[in-house]
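The values are calculated or read from the model by the stated rules, or taken from the named source; none is laboratory data. If you're wondering where the values come from, they're calculated on a predicted model, not measured in any experiment. Here the Cβ positions follow ideal geometry from the backbone for every residue, glycine too, while neighbour counts run over all protein chains shown.
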Amino acid sequence: MSPAEANAFAFSLATSLMVSIIIFRAGDGSLAVTPADEYDGDTSEIVGETDPYAE
């Protein structure tokens, strides 16, 4: 997933679920997204976070 696709997907997911979404680099180097409370990986792999409540 490209960075633009990951950000768009994270924003869509965050506003749909109304939870913070983490964008992270997976083991194969691709980008992936998951709800922040479900992420249990290495914090150094986090690329960004989308918070629907942030202004």
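Values computed for the structure shown
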item: Matching entry among 54, 36, 32, 10 (being among the aliphatic types (A, V, I, L, M) and in contact with a Gly (Cβ under 8 Å, 6 or more places away or on another chain)); result: 10
item: Qualifying residue in region 32-47 (condition: surrounded by 11 or more Cβ atoms within 10 Å (Cβ to Cβ), touching a residue at least 40 places away in the same chain (Cβ under 8 Å) and not in a loop (DSSP other than H, G, I, E, B)); result: yes
item: Residue check for residue 24: part of a helix (DSSP H, G or I) and either modelled with pLDDT of 95 or more or surrounded by 16 or more Cβ atoms within 10 Å (Cβ to Cβ) (or both); result: no
item: Verdict on residue 54 being modelled with pLDDT under 95 and either in contact with a Pro (Cβ under 7 Å, 6 or more places away or on another chain) or of a type in the set (Gly, Ala, Ser) (or both); result: yes
item: Condition met for residue 19 (touching a Leu at 6+ places or on another chain (Cβ under 7 Å) and not aromatic (Phe, Trp, Tyr)); result: no
item: Search result, residues across region 15-34 that are out of contact with any Phe, Trp or Tyr (no Cβ under 9 Å at 6 or more places or on another chain), within 16 Å of residue 51 (Cβ to Cβ) and of a type outside the set (Val, Ile, Thr); result: 16, 17
